[in-house]
Amino acid sequence: MALRFESGDPDRPRGHALLYFRTTDDQVLATYVVVLPIAINPAKYIPPAFAGQLPQGMAAVAATALPPIPEQLGEAGQTAEQALAAVRRLADLRGDDLLDGGVVMPDPERLMLATHEVANEYATGYRQMIEQMPVAAAPVPEVERDPAADEDELRWVLMDERDRIGELAKLTGQLRYAMDGADGGLLRSTVEKMERLGRRLPEKYRIGEFLAGAQRPGAAGRRLAELYIDRCYKLSNEQYETLADLDREIAGLEAT
């Protein structure tokens, strides 16, 4: 049986669908189809006395339909078009695919077999879509966090902006100590901590330029570190009238 999608994408089945049939006496019958993550053999779950009544071809199913025999849809007195409108609205509200099973004889066994065929074809389409999807990349192992870094973050969260500037000034002194002593390990850890602290300060403090200047060797680097700290405090205190002179001196040193 050719699968007909009234709504939904045939190339990307959702895995759950409302399936309806129209009978030769103009009834609308519907059922709900769900693709199973594991194919099952229904004969295993039916008493032997009734297993022989299953239609041929139902040895294994990859999808299930409930009810297995479609039920009449719509209230008493409703026309077929009203019943169809109701099932279309229901599929839209639920986000289901809507499958048109076509016109069938109102015979329970034929309806059950037709439903089974549509459900299996729908499951085949869904399985093919899954097989064609790219395999997800392996998850990146989570980098073990440094407990000390977490403690720093907690302290900084509780600080106001001026206190963070004070913390930056302390770290700047530590950075210059590492520079003068050629202590590469201390220098790297201090710069990393200053970068993390800088992410908690507004852009006006120009932490990236601050770090670049403070890491310059010799007297120029020491003076740039002092000027940038002074600039941070003046910005924090809103002493904007003296910033121009500071910025000129910083620019002059950075140009050398």
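The values are calculated or read from the model by the stated rules, or taken from the named source; none is laboratory data. Predicted model, so just to flag it, every value in this text is computed and none were measured. Glycine gets a Cβ as well: all are built from the backbone with ideal geometry, and neighbour counts include every protein chain shown.
How many of the residues in segment 174-195 are surrounded by 13 or more Cβ atoms within 10 Å (Cβ to Cβ) and not hydroxyl-bearing (S, T, Y)?
Number satisfying all stated conditions: 11.
Go through segment 15-30 and report how many residues are in contact with a Phe, Trp or Tyr (Cβ under 8 Å, 6 or more places away or on another chain) and not aliphatic (A, V, I, L, M).
Selection size over segment 15-30: 2.
Among the residues of segment 107-116, is there at least one that is more than 30 Å from F210 (Cα to Cα), under 28 Å from the mean Cα position of the chain (by Cα) and at pLDDT below 90?
no
Could you give every pair whose Cβ atoms fall below 7 Å, whose first residue belongs to segment 82-101 and is assigned to a helix (DSSP H, G or I), and whose second residue is among the aromatic types (F, W, Y) and surrounded by 15 or more Cβ atoms within 10 Å (Cβ to Cβ), counting only separations of at least 6 or pairs across chains?
V87/Y20
Count, please, the residues in segment 234-251 that happen to be exposed (fewer than 15 other Cβ atoms within 10 Å of the Cβ) and either among the hydroxyl-bearing types (S, T, Y) or outside the structural domain of L201 (by TED's automatic domain parsing) (or both).
The number of residues fulfilling the criteria is 2.
Tally the residues that are more than 18 Å from P202 (Cβ to Cβ) and more than 42 Å from the chain's Cα centre (by Cα), restricting the search to segment 213-249.
Number satisfying all stated conditions: 18.
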